[in-house]
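As structure tokens, the structure follows; a few thoughts come after it.
The values are calculated or read from the model by the stated rules, or taken from the named source; none is laboratory data. All of these numbers come straight from a predicted model, not from anything done at the bench. Glycine also receives a Cβ, built like all others from the backbone with ideal geometry; neighbour counts cover every protein chain displayed. Note: areas computed on protein heavy atoms with side chains; ligands, DNA, RNA excluded. Shrake-Rupley method; radii C 1.70, N 1.55, O 1.52, S 1.80 Å.
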Amino acid sequence: MDEHEITTGLLEIIDQAAYKNSVRKVRKVHVALGGCRHVDQAVLKEDFAHAARNTVAEGAELDIQVLPVRRHCQGCGDTFEADVHDLPCPKCGHPHTEPVSGEEARVVDMEVDPVGV
Ligand SMILES: [Zn+2]
């Protein structure tokens, strides 16, 4: 998944939330991104600015929070934080660990103008 796909996904979420809450304009969007994505934040912000034109999110600022990647050990069942792929378990040294988070891209919060302002 690249920056543009993330943008498209985020805008869908923002659009639906704005529609449900009768939001006229979105000022700022707080986004949580899984650390697995290795997203270029500058590219993402630029792409978002382009894609948000003529939507409620036009001109909205993106606030990006990168979440830690968590991996699960198949050997001892331990869960640990790691920002690299295929890291052996730090507890038992098992070579196979699987990511349990780090792929998400979600809207945490939005700062908006309510209707009628
Ligand atoms: Zn282990």
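For the stretch 78-114: of the residues being among the β-branched types (Val, Ile, Thr) and open to solvent by less than 40 Å² (accessible area, probe 1.4 Å), which is modelled with the highest pLDDT? Give the derivation first.
Of all residues in the stretch 78-114, those among the β-branched types (Val, Ile, Thr) come to 79, 84, 97, 100, 107-108, 112.
Among the residues that remain, those that are also open to solvent by less than 40 Å² (accessible area, probe 1.4 Å) are: 97, 107.
Values: THR97: 88, VAL107: 94.
Here the residue is VAL107.
What are the residues in the stretch 6-36 that are outside any helix (DSSP H, G or I) and of a type outside the set (Lys, Arg), if any?
From the stretch 6-36, those outside any helix (DSSP H, G or I) are 21-34; that's our starting set.
Of everything in the stretch 6-36, those that are outside any helix (DSSP H, G or I) and of a type outside the set (Lys, Arg) turn out to be ASN21, SER22, VAL23, VAL26, VAL29, HIS30, VAL31, ALA32, LEU33, GLY34.
Of all residues being open to solvent by 80 Å² or more (accessible area, probe 1.4 Å) and not in a helix (DSSP H, G or I) in the stretch 39-57, which is farthest from GLU103 (Cα to Cα)? Just the residue, please.
Keep residues of the stretch 39-57 that are open to solvent by 80 Å² or more (accessible area, probe 1.4 Å), which gives 45-46, 50, 53-54.
Now drop any that are not not in a helix (DSSP H, G or I), which leaves 53-54.
Working: ARG53: 26, ASN54: 29 Å.
For the stretch 39-57, the residue satisfying everything is ASN54.
Out of everything in the stretch 33-77 that is among the acidic types (Asp, Glu) and at pLDDT 95 or above, what residue ends up being farthest from the ligand (Cβ to nearest atom)? First the steps, then the outcome.
The initial filter retains those residues of the stretch 33-77 that are among the acidic types (Asp, Glu), namely 40, 46-47, 58, 61, 63.
From what is left, the residues that are at pLDDT 95 or above are 46-47, 58, 61, 63.
On the way: GLU46: 41, ASP47: 38, GLU58: 48, GLU61: 41, ASP63: 35 Å.
Filtering the stretch 33-77 for residues that are among the acidic types (Asp, Glu) and at pLDDT 95 or above, the one farthest from the ligand (Cβ to nearest atom) comes out as GLU58.
Restricting the search to the stretch 9-38, which residues are under 16 Å from GLU103 (Cβ atoms) and either touching a residue at least 40 places away in the same chain (Cβ under 8 Å) or open to solvent by less than 30 Å² (accessible area, probe 1.4 Å) (or both)? Outline the logic, then answer.
Initial filter on the stretch 9-38 (under 16 Å from GLU103 (Cβ atoms)): 9-10, 13, 31-38.
The answer is GLY9, LEU10, ILE13, VAL31, ALA32, LEU33, GLY34, GLY35, CYS36, ARG37.
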